[in-house]
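Before any comments, here is the structure.
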Amino acid sequence: MKEVIWIRRLALFGALLAFGVVVLGGYTRLSNSGLGCPDWPGCFGHVVPTGAAEHYATDADVRKAWTEMIHRYFAGTLGLIIVVIAVLSIRARREPGVSVAYGIALLLLVVFQGVLGMLTVTWLLKPLIVTGHLIGGLTTFAMLWWLWLSMHARSRPVDAGSVFAGNSVIEHGGRARLWAGLALGALAIQVWLGGWTSSNYAAVACPDLPQCQAQWVPDANFKDAFVLWRGLGINYAGGVLDNPARVAIHFTHRVGAMVTTLLLLLAVFFSLRGLGRAPRWAAVCVLAALAFQLTIAALMVLRAFPLPLAAAHNAGAALLVGATVFLNRKLRPVADFR
């Protein structure tokens, strides 16, 4: 029983830390600090980048080294937390609500994230790796958040109101669950498009809104925009694509945003219709996160993509993922966890 309590606590702390790692990773990428330390896992062979000043001529480059290493410190701490969760899951495998497979999946995911983190540096910011690293970070956050939501729900006493709400969801919430699941899938694709836009330095390719390059359908090179593998030995810092290809990436990201917004609004609409207090509260959270993200996106374009707003947009994506996972969890019986 003590192990279950600690799994629940660590899941919440891990989810919050994973959110921070995602935000720090976005800031590292957007501030061009991804190669602040050209080796891995240390920085110029040291655990702390105190020797970076010997290798860089400017203070700005030294700050980039610290930015990269701080991100690694947070990610390493998150990895240790997930190792503990996996060990405790094995020890408490016979307890209700504990899934060994889930704990092992989390552990394998964070190991894979570590490999991607190494390749991000050694393969010189290859967009496929950078985008995959972002997706992996958000997946880690979502899985830890889902784990805490599930275990927290199991730990609470069941009252008449919650039973009624649960039965109502089971009997009448099929449509809401369908749209919430589709919205989560579309959001995952949209996050991938956002990562691809950022890693290819295509954010500034459409400097106007609502049009792109003063056209509703801009001239774009879709053929080169989504080539996943261009070989090794290429330094992708600053991007290697021509402007028409970057326009194609940015424009696709905007179209994806419209589709994802529509699906999220449908999920919210059906979740607000007589399914109990918990789904309604989760739907409101999705609506608030969506409004925040769309506002930040518009301000980014109107204010010429300043770094603070770009970092906030990355954080907004994580908030929206968290809110959508929250909605999907509240639309399903707790027993569906295992």
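The values are calculated or read from the model by the stated rules, or taken from the named source; none is laboratory data. Keep in mind the model is a prediction, meaning the values are calculated, not measured. Heads up, the Cβs are rebuilt from the backbone with ideal geometry, glycines too, and the neighbour counts pull from every protein chain shown. Accessible surface is based on the protein model in full, side chains and every heavy atom, while ligands, DNA and RNA are left aside. Shrake-Rupley method; radii C 1.70, N 1.55, O 1.52, S 1.80 Å.
Which condition number in (1) open to solvent by 30 Å² or more (accessible area, probe 1.4 Å); (2) under 15 Å from Leu147 (Cα atoms) is the one that Ser99 fails?
Every condition holds for Ser99 apart from (1).
Can you find a residue in segment 29-45 that is closer than 30 Å to Asn235 by Cα, touching a residue at least 40 places away in the same chain (Cβ under 8 Å), open to solvent by 40 Å² or more (accessible area, probe 1.4 Å) and in a helix (DSSP H, G or I)? First the steps, then the outcome.
Just the residues of segment 29-45 that are closer than 30 Å to Asn235 by Cα, to begin with: 29-45.
Going one step further and asking which of them are touching a residue at least 40 places away in the same chain (Cβ under 8 Å), we end up with 29-32, 34-35, 37-41.
With the extra rule that they be open to solvent by 40 Å² or more (accessible area, probe 1.4 Å), the set shrinks to 29-30, 32, 35, 38-41.
Then keep just the ones that are in a helix (DSSP H, G or I); that gives 29-30.
Yes, segment 29-45 has at least one match.
Condition test on Thr77, is it modelled with pLDDT under 95, open to solvent by 60 Å² or more (accessible area, probe 1.4 Å) and in a helix (DSSP H, G or I)?
no
Kindly indicate which of Asp224, Asp242 is at pLDDT 95 or above, surrounded by fewer than 18 Cβ atoms within 10 Å (Cβ to Cβ), touching a Leu at 6+ places or on another chain (Cβ under 8 Å) and under 17 Å from Pro127 (Cα atoms). Write out each step before concluding.
Values: Asp242 fails: touching a Leu at 6+ places or on another chain (Cβ under 8 Å).
When all the criteria are applied, what remains is Asp224.
Starting from segment 83-100, take each residue that is assigned to a helix (DSSP H, G or I) and list its partners that are open to solvent by less than 70 Å² (accessible area, probe 1.4 Å) and of a type in the set (Val, Ile, Thr), counting only C-beta distances under 7 angstrom and pairs at least six apart or across chains.
These pairs meet every condition: Ile85/Ile7; Ala86/Ile104; Leu88/Ile7; Ser89/Ile7; Ser89/Val98; Ser89/Val100; Ile90/Val100.
Output the number of residues of segment 209-226 satisfying the condition of being charged (D, E, K, R) and under 12 Å from Phe251 (Cβ atoms).
1
Does any residue in segment 50-61 that is in contact (Cβ under 8 Å) with a residue 24 or more places away in the chain come within less than 8 Å, Cβ to Cβ, of a residue that is part of a helix (DSSP H, G or I) six or more places away or on a different chain, and which pairs are these?
Asp61/Ala52
Please tell me if Leu128 is closer than 23 Å to Ala315 by Cα and out of contact with any Gly (no Cβ under 9 Å at 6 or more places or on another chain).
yes
Does any residue of segment 252-270 turn out to be aromatic (Phe, Trp, Tyr) and surrounded by fewer than 18 Cβ atoms within 10 Å (Cβ to Cβ)?
Among the residues of segment 252-270, at least one is aromatic (Phe, Trp, Tyr) and surrounded by fewer than 18 Cβ atoms within 10 Å (Cβ to Cβ), which makes the answer yes.
Has segment 41-60 got at least one residue that is under 19 Å from the mean Cα position of the chain (by Cα) and not β-branched (Val, Ile, Thr)?
no
For segment 290-314, how many residues are touching a Gly at 6+ places or on another chain (Cβ under 7 Å) and among the small types (Gly, Ala, Ser)?
Looking only at that region, the number is 1.
Could you tell me whether Leu119 is surrounded by 14 or more Cβ atoms within 10 Å (Cβ to Cβ) and part of a helix (DSSP H, G or I)?
Working: surrounded by 14 or more Cβ atoms within 10 Å (Cβ to Cβ): yes; part of a helix (DSSP H, G or I): yes.
Considered against the rule, which asks whether it is surrounded by 14 or more Cβ atoms within 10 Å (Cβ to Cβ) and part of a helix (DSSP H, G or I), Leu119 comes out as yes.
Which of the residues belonging to segment 183-221 are surrounded by fewer than 16 Cβ atoms within 10 Å (Cβ to Cβ), touching a residue at least 24 places away in the same chain (Cβ under 8 Å) and closer than 17 Å to Ala317 by Cβ?
Ile189
Any idea how many residues of segment 122-142 are modelled with pLDDT under 95 and part of a helix (DSSP H, G or I)?
Adding up the residues that qualify gives 1.
Mind checking whether some residue in segment 234-243 is part of a helix (DSSP H, G or I), more than 23 Å from Gln293 (Cβ to Cβ) and not basic (Lys, Arg)?
Among the residues of segment 234-243, at least one is part of a helix (DSSP H, G or I), more than 23 Å from Gln293 (Cβ to Cβ) and not basic (Lys, Arg), which makes the answer yes.
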